[in-house]
Amino acid sequence: MKLISDLLKFHHDLDLYFQRHQFALLHFRFGEALEHLLVYERELRRHMRDEEDILMPIYAERAEIQRGGGIKLFLDEHEKMLAHIDLFKEQTIKLVDEESPEEGLILLLDRESFYKRLSSHHDHREHDYFFPALDKITTEAEKVSILDRIQARPSAYENSV
């Protein structure tokens, strides 16, 4: 049986992309850190687009939306997350030309720590509300159709399809 909630496995892939960015930062490889951040952003945007264009309309139309699981809340978090990524890109670019980047690096890592808490909270709400509701309200045939349209696919999930 297919489950839409299997798409949550992609969050692990996203975490790994972001971790590569942070590892490069720690080694003062700021150009590489920016490249990893751009990959993270591209994949995050693809995942958000799948949610917003494919999954959220079904959820909004048919799910019994519980407190803490509202569409507006998910969309607001997406917007905040992308705004943070824009800031991280700017700050990482600035670090490339810094003669003494330590202060800027600490500031960036502090902001990224806040972002990771925001992202984790968002992931938990999707895990608790969004994806289980989608699994509940869709038929097996709908799940197959939906999963065929998804662009951001978890590597572990992709291998099992």
Note to self: Among the listed residues L14, L38, identify the single one that is surrounded by 17 or more Cβ atoms within 10 Å (Cβ to Cβ), touching a residue at least 12 places away in the same chain (Cβ under 8 Å) and among the aliphatic types (A, V, I, L, M).
What the structure shows: L14
Checklist line | Pair list, Cβ under 6 Å, 6 or more apart: segment 17-33 residue closer than 14 Å to I106 by Cα, other residue among the small types (G, A, S) | finding: A24/A33; L25/A33
Notebook entry, point to check: Failed condition for L3, given (1) aliphatic (A, V, I, L, M); (2) surrounded by fewer than 17 Cβ atoms within 10 Å (Cβ to Cβ); (3) under 18 Å from the mean Cα position of the chain (by Cα), with all others met?
Noted result: (3)
Next item on the list: Scan segment 53-70 residue by residue and report those that are of a type in the set (A, V, I, L, M, F, W, C) and farther than 9 Å from F130 by Cβ.
Entry: I54, I58, A60, I65
Check: Which of the residues that make up segment 112-133 are under 22 Å from L75 (Cβ atoms) and surrounded by fewer than 13 Cβ atoms within 10 Å (Cβ to Cβ)?
Finding: F114, R117, S120, H121, H124
Next item on the list: May I ask you to list the residues in segment 65-108 that are touching a residue at least 24 places away in the same chain (Cβ under 8 Å) and among the small types (G, A, S)?
Entry: G68, G69
Check: So which residues in segment 134-143 are in a helix (DSSP H, G or I) and surrounded by 14 or more Cβ atoms within 10 Å (Cβ to Cβ)?
Finding: L134, D135, I137, E142, K143
Next item on the list: Tally the residues that are among the charged types (D, E, K, R), in contact with a helix residue (DSSP H, G or I) (Cβ under 8 Å, 6 or more places away or on another chain) and part of a helix (DSSP H, G or I), restricting the search to segment 1-34.
Entry: 5
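Read-outs: derived from the displayed coordinates by stated rules, not from any lab. Here the structure is a predicted model, which means the values were calculated and not measured. We place every Cβ from the backbone using ideal geometry, glycine too, and count neighbours over all the protein chains shown.
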